Amino acid sequence: MRRDRLRIVAPLLLLVLHVLGAAAPAAAQPRFPPDSSVHAILDGVVRDGRTVGLVVGLLEADGTRRVFARGSAGAGARPLDGESVFEIGSITKVFTGALLADMVRRREVRLSEPVARLLPRGVRVPSRHGKEITLLDLATHRSGLPGMPDNIPESEGRDPFARYTAEALYEFLSRYELPRDPGASAEYSNLGMGLLGHALALRAGTSYEELVRERLIAPLNMARTGIALTPGMDQHRVRGHDRGGFPEADLSWMTLHGAGALRSTVDDLLTFARANLSADTLGVHDALRDALRVYRPAGGAGEGSGLSWGIFRGGRSLLAAHSGETHGYTSYIALDLTTRRAVVVLTNSYSAAVGGLDVHLLDPSLPLPKPPVWVAVVAAYRSGGVRAAVQRYLTLRETARGAWQFDVSGLETAGEWMLWRGFVDDAAAIFQLNAASYPRAPEPRISLGDAHSQAGRLNEAVASYRSGLALAEAARHPRLSEYRSRLQGALQGLTPRQ
């Protein structure tokens, strides 16, 4: 199984900015679209097959809330509403960033403190050119650590974090060599944020779950937010689905909780959003505002990265945002720091096809992105098999290209989903179609090699890898080393054992 198919991250890492100053008078504040417009948008999202079900929460500047639910919560689950409990994936990271800000305010840690000082004595953390990885480096994805550790057991399958121990984390850190200096550049890292949450809990002398509950969840009265399911949360838990609509089991966590372990509801996340936008100086509010400061400038003027939050300029506003994905869920939270409004979108499908909905609701002048074509391809596959999927793709390409997003990733996504589900020959057919559609792109041929390799057709795998590698070398593709490694693995499989 390819480990890069597992994403507990936001597919698009947003940059973060904090805007100081009072909000405009209430009369001048923009407001969200009327209910009828929101209903129409969400009906279209479900009708297109972008998700099985979703709940959307809108927070106006005056504190008014509106919650909308569409689609199915999954077999045996209660109908969707504001209390429905979802995995929120990498939105957990903004809670981890807020914990860091809180502990800095309490003088329990410093942003410039090397993370090694928070870990048990004897644990080696990689450094480079005398520069150690600091807590700020981890919180802004500038540690130099990779997205994921390489010692997660393949046998864990769809639940890779369930038995990933602290000892395994320390073993990885002890032998990893940083490719660049800490702080030099950004690379989104689940490992780094998981390490940060682990280290903060060690310094506080408790577990990550207890720390986030004590410092954030309980003070904000977020009754249905946590890692372990309480009876009340379990009663309202929705069922997750993969991008093809098949049910997916929820994830379990052991060590890297700070990267993506929380569950929550739209109601609770609107409360969290309100607290982040509040002018209150009591309790956790100062720490929340600290997390929304710019610590690593990037992009345009005023844009940059806070403590895990990302902020970018959207339309006339500055937006702080984060998203999250697990195997069965996708989530979004966006704060409009200019107008003091917020949007929360929680879905029970692993599908970035809902991306951009939060920003569009904040500012309808920012168009809702076209649905990626894999949505239609996978829907056709589920109802009619691979021939129907291929025909659906060809028909849309000829008759509705302007209504769907077409690029090499569309069929790649559909094929990878089929491969993930074990439909190997069908995946191969989709990758072959993609190679014919994008003859100069290396990815379809590499993926076709994966399908042949998984089916035990090593000669065909070698041929596909070589074809894709030649295209990647000509284009100086950034994943060259990975593609060469796959070819080498297939060649080794062809070598007779002594």
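Take the residues in the range 110-160 that are in a strand (DSSP E or B) and under 26 Å from G205 (Cβ atoms), then tell me which one is farthest from the chain's Cα centre (by Cα).
Taking the range 110-160 and keeping what is in a strand (DSSP E or B), we get 114, 128, 131, 134.
Adding the requirement that they be under 26 Å from G205 (Cβ atoms) leaves 114, 134.
On the way: P114: 26, T134: 23 Å.
Ranking the qualifying residues of the range 110-160, first place goes to P114.
Would you mind finding the one in P146, P153 that is in the same structural domain as T255 (by TED's automatic domain parsing) and closer than 18 Å to E482 by Cα? Explain how you work it out, then say what you get.
Details: P153 fails: closer than 18 Å to E482 by Cα.
Answer to the selection: P146.
Name the residue, out of P120, P126, P114, P179, that is in the same structural domain as T281 (by TED's automatic domain parsing), touching a helix residue (DSSP H, G or I) at 6+ places or on another chain (Cβ under 7 Å) and either at pLDDT 95 or above or within 24 Å of A298 (Cβ to Cβ) (or both).
So the residue among P120, P126, P114, P179 that is in the same structural domain as T281 (by TED's automatic domain parsing), touching a helix residue (DSSP H, G or I) at 6+ places or on another chain (Cβ under 7 Å) and either at pLDDT 95 or above or within 24 Å of A298 (Cβ to Cβ) (or both) is P126.
Run L200 past the list (1) touching a residue at least 24 places away in the same chain (Cβ under 8 Å); (2) under 23 Å from the mean Cα position of the chain (by Cα); (3) assigned to a loop (DSSP other than H, G, I, E, B) and report the number of the one that doesn't hold.
Going through the list (1) touching a residue at least 24 places away in the same chain (Cβ under 8 Å); (2) under 23 Å from the mean Cα position of the chain (by Cα); (3) assigned to a loop (DSSP other than H, G, I, E, B), L200 breaks only (3).
What number of residues within the range 71-109 satisfy the criterion of being outside any strand (DSSP E or B), within 15 Å of the chain's Cα centre (by Cα) and more than 16 Å from H198 (Cα to Cα)?
Going through the range 71-109 one residue at a time, the tally reaches 3.
Checking the condition crowded, with 24+ Cβ neighbours inside 10 Å and either of a type in the set (A, V, I, L, M, F, W, C) or touching a Pro at 6+ places or on another chain (Cβ under 6 Å) (or both), which residue from A298, A259, A275 passes? Lay out the reasoning, then the answer.
Numbers: A298 fails: crowded, with 24+ Cβ neighbours inside 10 Å; A275 fails: crowded, with 24+ Cβ neighbours inside 10 Å.
A259 is the lone residue from the list that is crowded, with 24+ Cβ neighbours inside 10 Å and either of a type in the set (A, V, I, L, M, F, W, C) or touching a Pro at 6+ places or on another chain (Cβ under 6 Å) (or both).
Check L111 against each of (1) in contact with a Phe, Trp or Tyr (Cβ under 8 Å, 6 or more places away or on another chain); (2) closer than 25 Å to F161 by Cβ and name the one condition it does not meet.
All conditions pass for L111, except number (2).
Check whether at least one residue in the range 209-218 is part of a loop (DSSP other than H, G, I, E, B) and either closer than 30 Å to M418 by Cα or touching a helix residue (DSSP H, G or I) at 6+ places or on another chain (Cβ under 8 Å) (or both), and report yes or no.
Of all residues in the range 209-218, those part of a loop (DSSP other than H, G, I, E, B) come to 218.
Then drop every residue that is not either closer than 30 Å to M418 by Cα or touching a helix residue (DSSP H, G or I) at 6+ places or on another chain (Cβ under 8 Å) (or both), which leaves none.
No, the conditions are met nowhere in the range 209-218.
State which residue is farthest from L145 (Cα to Cα) when the search covers only the range 118-131 and only residues that are surrounded by 15 or more Cβ atoms within 10 Å (Cβ to Cβ) and not hydrophobic (A, V, I, L, M, F, W, C).
Step by step, filter the range 118-131, then rank; the result is K131.
Do any helices (runs of 4 or more DSSP H) entirely within the range 400-498 hold 1 or more residues that are surrounded by fewer than 16 Cβ atoms within 10 Å (Cβ to Cβ), and if so, which?
Details: elements: 408-421, 424-437, 443-454, 458-475, 480-494.
In the range 400-498, the matching helices (runs of 4 or more DSSP H) lie at 408-421, 424-437, 458-475, 480-494.
The values are calculated or read from the model by the stated rules, or taken from the named source; none is laboratory data. This structure is a prediction, so every number in the text was calculated from the model and none was measured. Methodologically, a virtual Cβ is constructed for each residue, glycine included, from the backbone with ideal geometry; neighbour enumeration extends over all protein chains shown.
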